[in-house]
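Data block below; observations after.
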Amino acid sequence: MSRKRSERLIVTRVSPEGVRREPDELVVEEPLSIHLDGVAVTSTMRTPGHDFELAVGWCHTEGLLAGTPVTGVRYCATGSAVDTRFNVVTVETGGVAPPPTARLAQTSSSCGWCGSDQIDELVERIGPLPPSPPIDLEVLADVPAAVLGGQGLFASTGAVHAAAAFAPDGSVLLSREDVGRHNAVDKVVGALLLEGRLPATGLGLFVSGRASVEMVQKAWAAGFGTVVAVSAPTALAVRAARRAGMALVGFVRDGRMNVYAPERLATTGQ
């Protein structure tokens, strides 16, 4: 069973120089079924790799673990990992986590969200983030280049998103790539959880696409005080970030950025 993240295919390339057949590198996309204590809870299309982190991160950001320690992560649930082509991962808490409810549909950018009521639920479940020193704007401006410069899979395929955790000085602590934006974030969160580094108080989260409300939710659940995106947030994402006490910065490109949360910067003249 190959665990390739990309594969080479022959394609027809059309350019001003003419039409020719040549190889192209394409990202691999496969389904992953996530189980919690033996119960199938969701499925998602993902780029193979860091599957345990993805499964653990998803369970954490969706609130299924409820603070329960993860005691094990493994491929498959009842048989051989080869039989399921390494596309089933079971997260185990020894049955201590609350009994999970299966989400039968695949995850998407809007799954489970219908408005501000969910923000109230997050405030009740997670609570506002603890205060932490703001990260300097000049540092935030340099984060995208620091992360995207290390995107090997994107460089070869042009078809994946990136997420990364970074320190207050802008240094990249870890980064992950995936065909799904949310998956990349869950892989980062899962890696931090498995390393015992959550909550991510004082750290920032970088995302290579837009900042949807689900991205803010995942950052909030992990304890990130800052989210940096190269594209725009949604209005609901901004409201969620402001309720969380999170800094949300978008359109971070070429030394420019828009600060959406907090509502006003605590600097002279703002």
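Six or more apart or on different chains, Cβ under 6 Å: which pairs go from a residue in the range 134-147 that's among the hydrophobic types (A, V, I, L, M, F, W, C) to one that's in a loop (DSSP other than H, G, I, E, B)? Could you list them?
Every condition considered, the pairs that remain are Ile135/Pro168; Val139/Gly170; Ala141/Gly255; Val143/Gly170.
Identify all residues within the range 150-193 that are polar (S, T, N, Q) and more than 21 Å from Glu62 (Cα to Cα); write none if there are none.
Answer for the range 150-193, where residues must be polar (S, T, N, Q) and more than 21 Å from Glu62 (Cα to Cα): Gln151, Ser156, Thr157, Ser171.
Name the one entry in Ala240, Ala222, Ala244 that is closer than 30 Å to Val70 by Cα, of a type outside the set (Asp, Glu), crowded, with 22+ Cβ neighbours inside 10 Å and touching a Phe, Trp or Tyr at 6+ places or on another chain (Cβ under 6 Å).
Testing whether each residue is closer than 30 Å to Val70 by Cα, of a type outside the set (Asp, Glu), crowded, with 22+ Cβ neighbours inside 10 Å and touching a Phe, Trp or Tyr at 6+ places or on another chain (Cβ under 6 Å) leaves just Ala244.
Read the figures in this text as sums done on the coordinates, not as results from a lab. Given the structure is predicted, the values throughout are model-derived calculations rather than measurements. Positions of Cβ are backbone-derived with ideal geometry, glycine not excepted, and every protein chain shown enters the neighbour counts.
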